[in-house]
Amino acid sequence: MHSPVEDDYRLRQAAKAPLPTSHGRNKSTSSILSTSKASLPFLLDSLGNPITFDNTITDPDCMVVTEIGNDEEYDQIQSNFGPVRRFLTRFVFLTAIIPCILLLWASKIQGEILLALGQEGSLGGVKLYLAWFAFAIEGLWSADAIAASLVKAASLFARYRPRLRLLGDNVPCVDIIIPVCNEKLDIIQDTVRATLNIDYPAHRFRVIVSDDGRNQKLEAWVLQLAADTPNLYYTARVKYGPAGYKAGNLNHAITVSDTLPGGRAELVAGLDADMIPEKRWLRACVAHLIRDPKMGVVCPAQLFYNVPDNDPLNQQSSINWLCMDIIRDHAGLGWNLGSGWVVRREAVDDIGGFPTDCLVEDIYSSMLQMAEGWRSAYLAESLQYGLVPETYAAHVKQFARWYIGGAQMFVNFKGYLSSKLTKRMTLAAKLVGFSSGINVHAKAQLATVFMLLTPFVFLTGTHLMYWRDEAEMKLLLRLYCAIVLTRYLHDCHIGVMAGYRVAVMETGMMRYMSHYYTVAWFKTFFLASKSGTLHAVLLSASGCAIFFSTVVPGFN
(Lines give C-alpha, C1' and ligand atoms only; values in the text may rest on other atoms or scores of the structure.)
Protein backbone atom coordinates (compact mmCIF):
# COMPACT_ATOMS: atom_id res chain seq x y z
CA MET A 1 0.00 0.00 0.00
CA HIS A 2 1.44 3.36 -1.07
CA SER A 3 1.84 6.31 1.27
CA PRO A 4 -0.28 9.47 0.69
CA VAL A 5 2.70 11.12 -0.94
CA GLU A 6 3.10 8.19 -3.32
CA ASP A 7 -0.58 8.08 -4.23
CA ASP A 8 -1.27 11.80 -4.58
CA TYR A 9 1.96 13.40 -5.71
CA ARG A 10 3.45 10.78 -8.06
CA LEU A 11 7.02 11.93 -7.70
CA ARG A 12 9.48 10.67 -10.25
CA GLN A 13 13.21 11.16 -10.21
CA ALA A 14 14.68 10.84 -13.67
CA ALA A 15 17.56 8.56 -12.88
CA LYS A 16 15.19 6.10 -11.27
CA ALA A 17 12.51 5.62 -13.92
CA PRO A 18 12.23 5.00 -17.65
CA LEU A 19 10.88 7.69 -19.93
CA PRO A 20 7.14 7.55 -20.65
CA THR A 21 6.18 5.75 -23.83
CA SER A 22 4.23 7.35 -26.67
CA HIS A 23 1.12 5.56 -25.37
CA GLY A 24 1.08 7.49 -22.11
CA ARG A 25 2.68 7.41 -18.67
CA ASN A 26 4.68 4.46 -17.48
CA LYS A 27 2.55 2.29 -15.21
CA SER A 28 4.84 2.89 -12.28
CA THR A 29 4.38 6.68 -12.20
CA SER A 30 1.85 6.54 -9.39
CA SER A 31 4.53 5.88 -6.81
CA ILE A 32 7.99 6.99 -5.82
CA LEU A 33 10.31 4.60 -7.59
CA SER A 34 13.42 3.38 -5.82
CA THR A 35 16.58 1.81 -7.15
CA SER A 36 19.81 0.87 -5.47
CA LYS A 37 22.47 3.55 -5.58
CA ALA A 38 24.85 1.31 -7.48
CA SER A 39 22.60 1.36 -10.55
CA LEU A 40 22.18 5.14 -10.69
CA PRO A 41 24.21 7.33 -13.08
CA PHE A 42 25.97 9.75 -10.71
CA LEU A 43 28.02 12.85 -11.36
CA LEU A 44 31.67 12.39 -10.45
CA ASP A 45 33.99 14.73 -8.60
CA SER A 46 37.57 15.53 -9.59
CA LEU A 47 38.76 12.30 -7.96
CA GLY A 48 36.22 10.15 -9.77
CA ASN A 49 34.03 9.62 -6.71
CA PRO A 50 30.22 9.70 -7.14
CA ILE A 51 28.48 12.90 -6.05
CA THR A 52 25.36 12.34 -3.96
CA PHE A 53 23.10 14.83 -2.21
CA ASP A 54 24.39 15.52 1.29
CA ASN A 55 22.03 17.30 3.70
CA THR A 56 24.34 17.25 6.69
CA ILE A 57 23.64 20.30 8.86
CA THR A 58 26.66 22.55 8.68
CA ASP A 59 28.16 24.75 11.36
CA PRO A 60 27.82 28.41 10.28
CA ASP A 61 30.97 29.27 12.21
CA CYS A 62 32.93 27.08 9.82
CA MET A 63 31.62 28.79 6.69
CA VAL A 64 33.42 31.58 4.89
CA VAL A 65 31.42 34.71 4.00
CA THR A 66 33.12 37.71 2.49
CA GLU A 67 31.99 41.20 1.54
CA ILE A 68 32.69 42.37 -2.00
CA GLY A 69 32.85 45.82 -3.56
CA ASN A 70 31.37 47.05 -6.82
CA ASP A 71 34.86 47.25 -8.30
CA GLU A 72 35.38 43.50 -7.66
CA GLU A 73 32.27 42.25 -9.41
CA TYR A 74 30.09 44.26 -11.80
CA ASP A 75 26.38 44.45 -11.03
CA GLN A 76 23.80 46.18 -13.22
CA ILE A 77 21.88 47.65 -10.25
CA GLN A 78 24.76 48.47 -7.94
CA SER A 79 26.67 50.24 -10.71
CA ASN A 80 24.01 52.99 -10.61
CA PHE A 81 24.33 53.62 -6.87
CA GLY A 82 27.25 55.95 -6.47
CA PRO A 83 28.11 57.77 -3.21
CA VAL A 84 26.14 60.90 -4.21
CA ARG A 85 22.96 58.98 -4.96
CA ARG A 86 23.22 57.01 -1.74
CA PHE A 87 23.65 60.22 0.25
CA LEU A 88 20.70 61.99 -1.40
CA THR A 89 18.44 58.98 -0.92
CA ARG A 90 18.81 59.21 2.84
CA PHE A 91 16.72 62.40 2.82
CA VAL A 92 13.80 61.05 0.79
CA PHE A 93 11.76 61.14 4.00
CA LEU A 94 11.89 64.94 4.05
CA THR A 95 10.50 65.46 0.56
CA ALA A 96 7.85 62.82 1.31
CA ILE A 97 6.57 64.30 4.58
CA ILE A 98 6.43 68.00 3.51
CA PRO A 99 3.50 67.59 1.04
CA CYS A 100 1.71 65.47 3.65
CA ILE A 101 1.94 68.25 6.23
CA LEU A 102 0.77 70.82 3.71
CA LEU A 103 -2.15 68.61 2.68
CA LEU A 104 -3.23 68.12 6.29
CA TRP A 105 -3.11 71.88 6.80
CA ALA A 106 -5.17 72.55 3.67
CA SER A 107 -7.62 69.76 4.55
CA LYS A 108 -8.17 71.19 8.02
CA ILE A 109 -9.00 74.62 6.59
CA GLN A 110 -11.19 73.18 3.83
CA GLY A 111 -13.06 70.94 6.30
CA GLU A 112 -13.82 73.87 8.59
CA ILE A 113 -15.09 75.89 5.62
CA LEU A 114 -17.33 73.10 4.30
CA LEU A 115 -18.75 72.51 7.79
CA ALA A 116 -19.53 76.21 8.19
CA LEU A 117 -21.06 76.54 4.71
CA GLY A 118 -23.22 73.50 5.30
CA GLN A 119 -24.49 74.81 8.63
CA GLU A 120 -25.22 78.21 7.11
CA GLY A 121 -27.13 76.60 4.27
CA SER A 122 -25.15 78.53 1.65
CA LEU A 123 -23.89 75.23 0.22
CA GLY A 124 -26.02 72.11 0.02
CA GLY A 125 -27.40 69.31 -2.12
CA VAL A 126 -25.20 67.64 -4.73
CA LYS A 127 -22.50 70.31 -4.50
CA LEU A 128 -22.00 69.72 -0.78
CA TYR A 129 -21.80 65.94 -1.21
CA LEU A 130 -19.28 66.22 -4.04
CA ALA A 131 -17.18 68.68 -2.02
CA TRP A 132 -17.12 66.35 1.00
CA PHE A 133 -16.26 63.39 -1.25
CA ALA A 134 -13.23 65.26 -2.61
CA PHE A 135 -12.30 66.13 0.97
CA ALA A 136 -12.47 62.42 1.97
CA ILE A 137 -10.18 61.47 -0.92
CA GLU A 138 -7.59 64.00 0.26
CA GLY A 139 -7.79 62.62 3.79
CA LEU A 140 -7.17 59.04 2.69
CA TRP A 141 -4.33 60.14 0.41
CA SER A 142 -2.64 61.94 3.29
CA ALA A 143 -3.11 59.02 5.73
CA ASP A 144 -1.46 56.61 3.31
CA ALA A 145 1.33 59.05 2.48
CA ILE A 146 2.13 59.80 6.15
CA ALA A 147 2.46 56.10 7.02
CA ALA A 148 4.73 55.57 4.00
CA SER A 149 6.79 58.65 4.90
CA LEU A 150 7.47 57.38 8.41
CA VAL A 151 8.91 54.19 6.93
CA LYS A 152 11.12 56.24 4.60
CA ALA A 153 12.59 57.94 7.66
CA ALA A 154 14.56 54.72 8.31
CA SER A 155 16.84 55.65 5.39
CA LEU A 156 18.23 58.61 7.34
CA PHE A 157 20.59 56.47 9.41
CA ALA A 158 20.34 52.97 7.92
CA ARG A 159 23.35 51.18 6.47
CA TYR A 160 23.05 49.98 2.90
CA ARG A 161 22.99 46.19 2.83
CA PRO A 162 26.45 44.92 1.86
CA ARG A 163 27.10 42.57 -1.03
CA LEU A 164 28.15 39.23 0.42
CA ARG A 165 29.44 35.99 -1.07
CA LEU A 166 29.62 32.51 0.42
CA LEU A 167 32.92 30.87 -0.44
CA GLY A 168 34.13 27.28 -0.67
CA ASP A 169 32.29 23.95 -0.59
CA ASN A 170 31.28 24.07 3.08
CA VAL A 171 27.79 25.43 2.37
CA PRO A 172 24.21 24.69 3.49
CA CYS A 173 22.10 22.28 1.48
CA VAL A 174 19.30 23.82 -0.59
CA ASP A 175 16.18 22.51 -2.32
CA ILE A 176 15.50 24.76 -5.34
CA ILE A 177 11.87 24.62 -6.44
CA ILE A 178 10.79 25.72 -9.91
CA PRO A 179 6.96 25.84 -9.83
CA VAL A 180 5.52 25.68 -13.33
CA CYS A 181 2.00 25.71 -14.76
CA ASN A 182 1.56 25.60 -18.53
CA GLU A 183 4.45 27.91 -19.41
CA LYS A 184 6.15 27.37 -22.76
CA LEU A 185 8.54 24.43 -22.71
CA ASP A 186 11.54 26.33 -24.08
CA ILE A 187 11.17 28.99 -21.35
CA ILE A 188 11.17 26.36 -18.61
CA GLN A 189 14.13 24.60 -20.20
CA ASP A 190 16.23 27.77 -20.08
CA THR A 191 15.46 28.22 -16.38
CA VAL A 192 16.22 24.60 -15.47
CA ARG A 193 19.51 24.54 -17.39
CA ALA A 194 20.65 27.81 -15.83
CA THR A 195 19.70 26.60 -12.33
CA LEU A 196 21.68 23.38 -12.75
CA ASN A 197 24.64 25.46 -13.87
CA ILE A 198 24.86 27.77 -10.82
CA ASP A 199 28.09 28.14 -8.88
CA TYR A 200 27.26 25.86 -5.94
CA PRO A 201 28.50 22.38 -4.97
CA ALA A 202 26.38 19.85 -6.86
CA HIS A 203 26.02 17.58 -3.81
CA ARG A 204 24.55 20.44 -1.76
CA PHE A 205 21.52 21.39 -3.86
CA ARG A 206 18.61 19.72 -5.62
CA VAL A 207 16.35 21.13 -8.33
CA ILE A 208 12.68 20.14 -8.16
CA VAL A 209 10.49 20.98 -11.14
CA SER A 210 6.99 21.02 -9.65
CA ASP A 211 4.51 20.93 -12.51
CA ASP A 212 0.91 22.01 -11.90
CA GLY A 213 0.16 21.63 -15.61
CA ARG A 214 1.10 17.94 -15.76
CA ASN A 215 2.84 18.48 -19.09
CA GLN A 216 4.05 15.14 -20.45
CA LYS A 217 6.55 16.79 -22.80
CA LEU A 218 8.08 18.67 -19.88
CA GLU A 219 8.16 15.52 -17.77
CA ALA A 220 9.89 13.55 -20.52
CA TRP A 221 12.46 16.30 -21.06
CA VAL A 222 13.25 16.64 -17.34
CA LEU A 223 13.62 12.89 -16.93
CA GLN A 224 15.91 12.70 -19.93
CA LEU A 225 18.09 15.55 -18.68
CA ALA A 226 18.16 14.11 -15.19
CA ALA A 227 19.57 10.80 -16.43
CA ASP A 228 22.99 12.47 -16.11
CA THR A 229 21.97 14.89 -13.36
CA PRO A 230 20.80 12.99 -10.27
CA ASN A 231 20.02 16.19 -8.33
CA LEU A 232 17.18 17.05 -10.76
CA TYR A 233 13.64 15.87 -9.99
CA TYR A 234 10.18 16.15 -11.53
CA THR A 235 6.89 16.04 -9.64
CA ALA A 236 3.25 16.76 -10.44
CA ARG A 237 0.50 16.76 -7.84
CA VAL A 238 -3.08 15.62 -8.07
CA LYS A 239 -5.16 18.76 -7.53
CA TYR A 240 -8.61 19.02 -6.03
CA GLY A 241 -10.23 22.36 -6.79
CA PRO A 242 -8.02 25.48 -6.72
CA ALA A 243 -5.61 23.69 -4.34
CA GLY A 244 -3.78 26.89 -3.46
CA TYR A 245 -2.44 27.63 -6.94
CA LYS A 246 1.27 28.56 -6.73
CA ALA A 247 1.29 28.31 -2.91
CA GLY A 248 -0.16 24.82 -3.08
CA ASN A 249 2.39 23.87 -5.70
CA LEU A 250 5.24 25.10 -3.48
CA ASN A 251 3.86 23.28 -0.44
CA HIS A 252 3.59 20.10 -2.47
CA ALA A 253 7.21 20.35 -3.62
CA ILE A 254 8.39 21.00 -0.06
CA THR A 255 6.47 17.95 1.18
CA VAL A 256 7.95 15.85 -1.62
CA SER A 257 11.49 16.99 -0.75
CA ASP A 258 11.14 15.25 2.62
CA THR A 259 10.73 11.92 0.82
CA LEU A 260 13.77 12.29 -1.46
CA PRO A 261 17.05 10.47 -0.75
CA GLY A 262 18.86 12.45 1.92
CA GLY A 263 15.68 13.99 3.35
CA ARG A 264 14.91 17.67 3.76
CA ALA A 265 17.39 20.46 3.14
CA GLU A 266 18.21 23.30 5.52
CA LEU A 267 17.12 25.92 3.01
CA VAL A 268 14.43 26.17 0.36
CA ALA A 269 14.74 28.41 -2.71
CA GLY A 270 12.28 29.30 -5.44
CA LEU A 271 12.55 30.49 -9.03
CA ASP A 272 9.71 31.38 -11.35
CA ALA A 273 9.53 29.31 -14.51
CA ASP A 274 10.73 32.24 -16.63
CA MET A 275 13.47 33.52 -14.30
CA ILE A 276 17.03 32.70 -15.30
CA PRO A 277 19.43 32.93 -12.33
CA GLU A 278 22.96 34.23 -12.49
CA LYS A 279 25.65 31.72 -11.52
CA ARG A 280 26.36 33.68 -8.32
CA TRP A 281 22.67 33.83 -7.26
CA LEU A 282 22.66 31.20 -4.51
CA ARG A 283 26.02 32.14 -2.99
CA ALA A 284 24.91 35.79 -2.84
CA CYS A 285 21.60 35.03 -1.09
CA VAL A 286 22.69 32.25 1.25
CA ALA A 287 25.56 34.40 2.58
CA HIS A 288 23.07 36.72 4.30
CA LEU A 289 21.32 33.78 5.96
CA ILE A 290 24.67 32.58 7.28
CA ARG A 291 25.55 36.02 8.65
CA ASP A 292 22.28 36.32 10.61
CA PRO A 293 20.83 33.19 12.26
CA LYS A 294 17.45 34.95 12.66
CA MET A 295 17.27 35.88 8.97
CA GLY A 296 14.27 33.95 7.66
CA VAL A 297 14.14 34.90 3.99
CA VAL A 298 16.32 36.72 1.47
CA CYS A 299 15.10 37.88 -1.94
CA PRO A 300 16.93 39.71 -4.74
CA ALA A 301 15.64 42.13 -7.36
CA GLN A 302 14.00 40.98 -10.56
CA LEU A 303 15.17 42.23 -13.94
CA PHE A 304 13.64 41.51 -17.34
CA TYR A 305 15.02 41.00 -20.82
CA ASN A 306 11.93 41.41 -23.06
CA VAL A 307 10.78 44.89 -21.99
CA PRO A 308 9.48 47.08 -24.86
CA ASP A 309 11.38 50.26 -25.65
CA ASN A 310 10.77 52.90 -22.96
CA ASP A 311 8.55 50.46 -21.03
CA PRO A 312 5.30 52.35 -21.82
CA LEU A 313 3.18 50.34 -19.33
CA ASN A 314 5.74 50.46 -16.51
CA GLN A 315 5.89 46.65 -16.54
CA GLN A 316 9.34 46.43 -14.96
CA SER A 317 8.15 48.05 -11.70
CA SER A 318 11.62 49.57 -11.54
CA ILE A 319 10.55 52.01 -8.84
CA ASN A 320 10.25 49.04 -6.49
CA TRP A 321 13.48 47.22 -7.38
CA LEU A 322 15.60 50.37 -7.54
CA CYS A 323 14.04 52.45 -4.78
CA MET A 324 11.06 51.39 -2.65
CA ASP A 325 12.33 47.90 -1.82
CA ILE A 326 15.68 49.37 -0.79
CA ILE A 327 13.91 51.86 1.49
CA ARG A 328 11.75 49.10 3.00
CA ASP A 329 14.91 47.05 3.56
CA HIS A 330 16.41 50.00 5.45
CA ALA A 331 13.38 49.68 7.75
CA GLY A 332 14.03 45.95 8.19
CA LEU A 333 11.25 44.93 5.83
CA GLY A 334 12.58 42.86 2.93
CA TRP A 335 9.67 41.08 1.30
CA ASN A 336 9.71 37.72 -0.42
CA LEU A 337 8.99 39.05 -3.91
CA GLY A 338 8.09 35.83 -5.68
CA SER A 339 11.25 34.62 -7.41
CA GLY A 340 14.89 34.15 -6.50
CA TRP A 341 14.06 33.91 -2.78
CA VAL A 342 15.89 31.67 -0.32
CA VAL A 343 14.16 30.83 2.96
CA ARG A 344 15.02 28.73 5.99
CA ARG A 345 12.99 25.55 6.11
CA GLU A 346 12.43 26.22 9.82
CA ALA A 347 10.83 29.58 9.01
CA VAL A 348 8.48 27.94 6.50
CA ASP A 349 7.50 25.30 9.05
CA ASP A 350 6.82 28.00 11.66
CA ILE A 351 4.00 29.42 9.53
CA GLY A 352 2.64 26.05 8.40
CA GLY A 353 3.88 26.33 4.81
CA PHE A 354 3.06 28.92 2.18
CA PRO A 355 -0.39 30.43 2.82
CA THR A 356 -3.04 29.35 0.31
CA ASP A 357 -5.64 31.98 1.26
CA CYS A 358 -3.91 34.88 -0.47
CA LEU A 359 -2.95 35.54 -4.10
CA VAL A 360 0.45 36.99 -3.07
CA GLU A 361 1.64 34.02 -1.08
CA ASP A 362 5.23 35.28 -1.38
CA ILE A 363 4.84 38.63 0.39
CA TYR A 364 2.24 37.21 2.78
CA SER A 365 4.57 34.38 3.83
CA SER A 366 7.39 36.83 4.65
CA MET A 367 4.99 38.97 6.72
CA LEU A 368 3.83 35.88 8.62
CA GLN A 369 7.46 34.93 9.25
CA MET A 370 8.16 38.42 10.59
CA ALA A 371 5.22 37.97 12.95
CA GLU A 372 7.00 34.86 14.24
CA GLY A 373 10.17 36.83 14.93
CA TRP A 374 12.15 36.11 11.75
CA ARG A 375 13.97 38.86 9.88
CA SER A 376 13.99 39.40 6.11
CA ALA A 377 16.29 41.03 3.57
CA TYR A 378 16.06 42.51 0.09
CA LEU A 379 19.17 42.36 -2.11
CA ALA A 380 19.51 45.16 -4.66
CA GLU A 381 21.56 42.95 -6.96
CA SER A 382 20.93 41.74 -10.50
CA LEU A 383 20.83 38.01 -9.78
CA GLN A 384 17.95 36.89 -12.04
CA TYR A 385 16.38 37.86 -15.35
CA GLY A 386 12.88 37.03 -16.50
CA LEU A 387 9.99 37.94 -18.80
CA VAL A 388 7.23 40.53 -18.54
CA PRO A 389 3.78 39.71 -19.99
CA GLU A 390 3.69 40.08 -23.77
CA THR A 391 0.10 41.35 -24.15
CA TYR A 392 -1.86 44.18 -22.60
CA ALA A 393 -4.49 41.78 -21.21
CA ALA A 394 -1.81 39.60 -19.58
CA HIS A 395 -0.18 42.69 -18.06
CA VAL A 396 -3.46 43.88 -16.54
CA LYS A 397 -4.24 40.39 -15.26
CA GLN A 398 -0.86 40.12 -13.51
CA PHE A 399 -1.05 43.51 -11.80
CA ALA A 400 -4.70 42.98 -10.79
CA ARG A 401 -3.76 39.67 -9.14
CA TRP A 402 -1.00 41.37 -7.14
CA TYR A 403 -3.36 44.18 -6.19
CA ILE A 404 -6.08 41.85 -4.93
CA GLY A 405 -3.49 39.76 -3.10
CA GLY A 406 -2.42 42.85 -1.17
CA ALA A 407 -6.06 43.54 -0.29
CA GLN A 408 -6.51 39.97 0.96
CA MET A 409 -3.38 40.26 3.07
CA PHE A 410 -4.69 43.43 4.73
CA VAL A 411 -7.97 41.67 5.57
CA ASN A 412 -6.20 38.55 6.86
CA PHE A 413 -4.11 40.67 9.24
CA LYS A 414 -7.22 42.67 10.25
CA GLY A 415 -5.64 45.93 9.19
CA TYR A 416 -2.44 45.13 11.14
CA LEU A 417 -4.24 46.32 14.27
CA SER A 418 -4.55 42.94 16.00
CA SER A 419 -1.57 42.06 18.18
CA LYS A 420 -2.68 38.42 18.12
CA LEU A 421 -1.95 38.34 14.40
CA THR A 422 1.00 40.72 14.10
CA LYS A 423 2.71 39.19 17.18
CA ARG A 424 6.41 40.18 16.97
CA MET A 425 6.09 42.19 13.76
CA THR A 426 8.01 45.47 13.85
CA LEU A 427 6.33 48.88 13.81
CA ALA A 428 7.76 49.51 10.33
CA ALA A 429 6.17 46.31 9.03
CA LYS A 430 2.81 47.31 10.49
CA LEU A 431 3.06 50.80 8.99
CA VAL A 432 3.89 49.44 5.54
CA GLY A 433 1.05 46.92 5.80
CA PHE A 434 -1.39 49.62 6.93
CA SER A 435 -0.30 52.01 4.19
CA SER A 436 -0.57 49.30 1.53
CA GLY A 437 -3.99 48.33 2.87
CA ILE A 438 -5.34 51.87 2.48
CA ASN A 439 -3.86 51.95 -0.97
CA VAL A 440 -5.54 48.75 -2.20
CA HIS A 441 -8.86 49.15 -0.40
CA ALA A 442 -9.48 52.82 -1.10
CA LYS A 443 -7.20 54.65 -3.51
CA ALA A 444 -8.04 52.89 -6.76
CA GLN A 445 -11.73 52.72 -5.94
CA LEU A 446 -11.96 56.41 -5.02
CA ALA A 447 -9.88 57.37 -8.04
CA THR A 448 -12.28 55.43 -10.27
CA VAL A 449 -15.38 56.98 -8.70
CA PHE A 450 -13.86 60.46 -8.85
CA MET A 451 -13.01 59.90 -12.51
CA LEU A 452 -16.68 59.10 -13.17
CA LEU A 453 -17.92 62.01 -11.08
CA THR A 454 -15.61 64.62 -12.61
CA PRO A 455 -18.08 65.52 -15.40
CA PHE A 456 -20.82 66.01 -12.78
CA VAL A 457 -18.51 68.30 -10.78
CA PHE A 458 -18.24 70.65 -13.74
CA LEU A 459 -21.85 70.23 -14.90
CA THR A 460 -23.21 71.11 -11.45
CA GLY A 461 -20.85 74.05 -11.03
CA THR A 462 -19.20 72.48 -7.97
CA HIS A 463 -15.97 74.25 -7.03
CA LEU A 464 -12.74 72.30 -6.56
CA MET A 465 -12.04 74.52 -3.57
CA TYR A 466 -14.29 76.61 -1.30
CA TRP A 467 -13.52 79.73 0.69
CA ARG A 468 -15.41 82.43 2.62
CA ASP A 469 -13.21 85.41 2.00
CA GLU A 470 -10.27 86.55 -0.08
CA ALA A 471 -7.70 85.71 2.63
CA GLU A 472 -8.87 82.07 2.80
CA MET A 473 -8.81 81.84 -1.00
CA LYS A 474 -5.21 83.09 -1.20
CA LEU A 475 -4.05 80.78 1.59
CA LEU A 476 -5.68 77.70 0.06
CA LEU A 477 -4.34 78.51 -3.40
CA ARG A 478 -0.82 78.87 -2.03
CA LEU A 479 -1.13 75.64 -0.06
CA TYR A 480 -2.41 73.58 -3.00
CA CYS A 481 0.26 75.01 -5.30
CA ALA A 482 2.88 74.13 -2.72
CA ILE A 483 1.45 70.58 -2.45
CA VAL A 484 1.72 70.07 -6.21
CA LEU A 485 5.27 71.43 -6.33
CA THR A 486 6.55 69.45 -3.33
CA ARG A 487 4.98 66.23 -4.64
CA TYR A 488 6.80 66.81 -7.91
CA LEU A 489 9.99 67.48 -5.95
CA HIS A 490 9.51 64.14 -4.16
CA ASP A 491 9.07 62.39 -7.53
CA CYS A 492 12.35 63.95 -8.65
CA HIS A 493 13.98 62.79 -5.43
CA ILE A 494 12.76 59.23 -6.04
CA GLY A 495 14.09 59.62 -9.56
CA VAL A 496 17.60 59.97 -8.15
CA MET A 497 17.46 56.21 -7.50
CA ALA A 498 14.92 54.85 -9.98
CA GLY A 499 15.24 57.37 -12.78
CA TYR A 500 13.09 60.44 -13.43
CA ARG A 501 10.82 58.81 -16.01
CA VAL A 502 10.10 55.80 -13.80
CA ALA A 503 9.29 58.02 -10.83
CA VAL A 504 6.74 60.20 -12.61
CA MET A 505 5.18 57.21 -14.40
CA GLU A 506 4.26 55.58 -11.09
CA THR A 507 1.60 58.22 -10.41
CA GLY A 508 0.18 57.81 -13.87
CA MET A 509 0.02 54.04 -13.51
CA MET A 510 -2.55 54.29 -10.72
CA ARG A 511 -4.66 56.45 -13.00
CA TYR A 512 -4.80 54.08 -15.94
CA MET A 513 -5.02 50.91 -13.82
CA SER A 514 -7.52 52.14 -11.22
CA HIS A 515 -10.66 50.98 -13.01
CA TYR A 516 -9.20 47.51 -13.57
CA TYR A 517 -8.31 47.28 -9.89
CA THR A 518 -11.76 48.51 -8.86
CA VAL A 519 -13.65 45.93 -10.93
CA ALA A 520 -11.41 43.10 -9.69
CA TRP A 521 -11.71 44.30 -6.07
CA PHE A 522 -15.52 44.54 -6.23
CA LYS A 523 -15.92 41.09 -7.79
CA THR A 524 -13.48 39.52 -5.34
CA PHE A 525 -14.87 40.91 -2.10
CA PHE A 526 -18.55 41.23 -2.95
CA LEU A 527 -19.43 38.78 -5.72
CA ALA A 528 -16.96 35.88 -5.65
CA SER A 529 -16.92 32.91 -3.31
CA LYS A 530 -13.67 32.20 -1.49
CA SER A 531 -12.80 29.32 -3.82
CA GLY A 532 -13.47 31.46 -6.87
CA THR A 533 -11.40 34.49 -5.88
CA LEU A 534 -8.60 34.11 -8.43
CA HIS A 535 -11.07 33.16 -11.14
CA ALA A 536 -13.01 36.36 -10.46
CA VAL A 537 -9.85 38.48 -10.49
CA LEU A 538 -8.58 37.06 -13.75
CA LEU A 539 -11.93 37.20 -15.51
CA SER A 540 -12.73 40.76 -14.45
CA ALA A 541 -9.26 42.16 -15.12
CA SER A 542 -8.66 40.39 -18.42
CA GLY A 543 -12.21 41.07 -19.53
CA CYS A 544 -11.75 44.82 -19.04
CA ALA A 545 -8.36 44.69 -20.74
CA ILE A 546 -9.63 42.73 -23.74
CA PHE A 547 -12.51 45.16 -24.16
CA PHE A 548 -10.13 48.09 -23.93
CA SER A 549 -7.73 46.57 -26.45
CA THR A 550 -10.68 46.01 -28.80
CA VAL A 551 -11.98 49.56 -28.82
CA VAL A 552 -8.59 51.31 -28.66
CA PRO A 553 -6.34 50.69 -31.68
CA GLY A 554 -2.79 49.66 -30.86
CA PHE A 555 -3.51 47.87 -27.56
CA ASN A 556 -3.01 44.32 -28.79
*Working from Cα positions, state the angle (0 to 90°, nearest 10) between the long axis of helix 281-291 and the longest principal axis of the chain.*
80 degrees
*Only bridges with both residues in the chain count here: give the DSSP antiparallel percent, nearest 5.*
45 percent
*Measure nothing but the geometry: give the 0 to 90° angle between the long axis through the Cα atoms of 444-459 and the longest principal axis through the Cα atoms of the chain, rounded to 10°.*
30 degrees
_If amide hydrogens are placed 1.01 Å from N in the peptide plane, which non-local residues have theirs closer than 5 Å to the one on G296?_
R375, S376
*Pop a pseudo-label 7 angstrom from the Cα along the beta-carbon direction at both N310 and Y240 and give the gap in nm to one decimal.*
5.3 nm
*Within the accessible area of the range 295-350, what % is carbon and sulfur when the probe is 1.4 Å and the other protein chains stay in place?*
44 percent
_Dipole magnitude of the chain about its Cα centre (Cβ charges: Lys, Arg +1; Asp, Glu -1), debye to nearest 20_ = 840 debye
*Given a cut-off of 26 Å, name the pairs among K108/K523; K108/K443; K239/K423; K239/K397; K246/K414 whose C-alpha atoms lie farther apart than that in the structure shown.*
K108/K523; K239/K423
*What do you get for Rg/Rh over the range 240-298 if you use C-alpha atoms and the Kirkwood form of Rh?*
1.02
*For Cα extents along the principal axes in Å, the choices are (i) 133, 90, 35; (ii) 93, 51, 48; (iii) 74, 61, 57; which was calculated from the structure?*
(ii)
*Dipole of the chain [Lys/Arg +1, Asp/Glu -1 at C-beta], most positive-end residue of L128, P300, L379*: L128
_I'd like to compare 457-465, 293-301, 255-263: which one has the highest average count of other Cβ atoms within 10 Å, and what's the full order after that?_
293-301, 255-263, 457-465
_Relative contact order, percent, the range 265-351 [alpha-carbon distance under 8 Å, six or more residues apart]_ = 53 percent
*So what is the relative contact order of the chain, in percent, for Cα pairs below 8 Å that sit 6 or more residues apart?*
19 percent
*Two-decimal log10 I(q)/I(0) for the range 195-287, as the Debye equation yields it once each C-alpha is a single scatterer, q = 0.11, 0.17, 0.18 Å⁻¹*: -0.33, -0.82, -0.92
*Which angle from 0 to 90°, rounded to the nearest 10, does the C-alpha axis of helix 245-257 make with the longest principal axis of the chain?*
30 degrees
*State in Å² the accessible area per residue of the chain; use a 1.4 Å probe, count heavy atoms of protein chains only, and round to the nearest integer.*
45 Å²
*Whose amide H sits under 5 Å from the amide H of L379, counting only residues 5 or more places off or on another chain, with H placed in the peptide plane?*
C299, A301
*Which of T486, W281, P201, positive extreme of dipole for the chain (C-beta unit charges)*: T486
*State the Kirkwood hydrodynamic radius of the range 422-499 in Å, one decimal place, computed from all pairs of distinct Cα atoms.*
16.4 Å
*Provide the FRET efficiency to the nearest 0.05 for the F522-D258 pair, computing r from the beta carbons and using R0 = 41 Å.*
0.50
*asked:* Averaging over every viewing direction, what projected area does the convex hull of the Cα atoms of the range 264-378 cover, in nm²?
replied: 8.0 nm²
*Which percent of the accessible area of the range 368-427 is formed by carbon and sulfur heavy atoms (probe 1.4 angstrom)?*
58 percent
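The values are calculated or read from the model by the stated rules, or taken from the named source; none is laboratory data. Keep in mind that what you see is a predicted model, and the values were worked out from it rather than measured. Using ideal geometry, Cβ is built from the backbone for each residue, glycine included, and neighbour counts are taken over all protein chains shown. Heads up: the accessible areas ignore ligands, DNA and RNA and are worked out on the full protein's heavy atoms, side chains in. Shrake-Rupley method; radii C 1.70, N 1.55, O 1.52, S 1.80 Å.
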